[in-house]
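The values are calculated or read from the model by the stated rules, or taken from the named source; none is laboratory data. Values in this document were obtained by computation on a predicted structure and should not be read as measured data. Virtual Cβ from ideal backbone geometry, glycine too; neighbours counted across all protein chains shown. With ligands, DNA and RNA removed, areas are computed over all heavy atoms of the protein, side chains included. Shrake-Rupley method; radii C 1.70, N 1.55, O 1.52, S 1.80 Å.
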Amino acid sequence: MLDGFLARKLSCTSKTGGTLDLFSDKYLTIISLIYAIAKGLPVLPCSVAILREVFLLSMRSIQVNNQSLFPPQRLIGTLMVIPIWAGTVLLLQNQYLISISRNGFQIYYWMIGVVAFINLLYKIVSNWKLLIQSFKN
């Protein structure tokens, strides 16, 4: 997130850089969720969040009338990934600097999964006409 912000602020953006930033952010989020699963956290909410990331990345590569399906929304995207990345940092530090119960982590990741599911449904419903049009073409 910081690299994209700095690139825009310093006016040194490029289409290739934007694409690389999008992919790298999605990969970091997916790897963070896979790490949570590997640490024994619930598979279902993490999988829903992974599905959201993969689905949105796939849909953003489709253009209809020179418009991307599911265009990126920086604020919502940031609000979705910060809790996931923060959860990874907490998981990494849990045994060393802090102590959070297993139940606390499970509740945290279930909340992430529910929010990801609601966000994905909202995106599909709000872009439904464009989505159907893309499949008709």
Taking Lys123 as the anchor, which lysines have their alpha carbon closer than 25 Å to its alpha carbon, excluding any fewer than eight residues away along the same chain?
Lys15, Lys26, Lys136
From the P(r) of segment 85-137, can you give the percent of Cα pairs sitting at distances over 13 Å?
69 percent
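If contacts are Cα pairs under 8 angstrom and at least 6 residues apart, what is the relative contact order of the chain in percent? Let's see the in-between values first.
Working: 92 pairs, mean separation 41.1, N = 137.
30 percent.
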Sum up the charges of everything whose Cβ sits under 14 Å from the Cβ of Tyr109, counting Lys and Arg as +1 and Asp and Glu as -1, but leave Tyr109 out.
+3
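At 24 angstrom or more along the helix axis (alpha-carbon based) and mean Kyte-Doolittle of 1.0 or higher, what helices does the chain contain? Whole DSSP H runs only.
For the chain, where a helix must reach 24 Å along its axis and average at least 1.0, the hits are 43-60, 74-93.
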Accessible area per residue, 1.4 Å probe, Å², for segment 28-137: what's the number?
60 Å²
Keeping the other protein chains in place, figure out the carbon and sulfur percent of the accessible area of segment 30-108, with a 1.4 Å probe.
66 percent
Residue-averaged 222 nm ellipticity for the chain, from DSSP H runs of 4+ at -39500 (n - 2.57), nearest 500:
-25500 deg cm²/dmol
For segment 1-40, divide the Cα radius of gyration by the Kirkwood radius and give the resulting Rg/Rh value with two decimals.
1.18
Taking 1 over the mean of 1/r across every pair of different Cα atoms in the chain, what Kirkwood radius in Å do you get?
16.3 Å
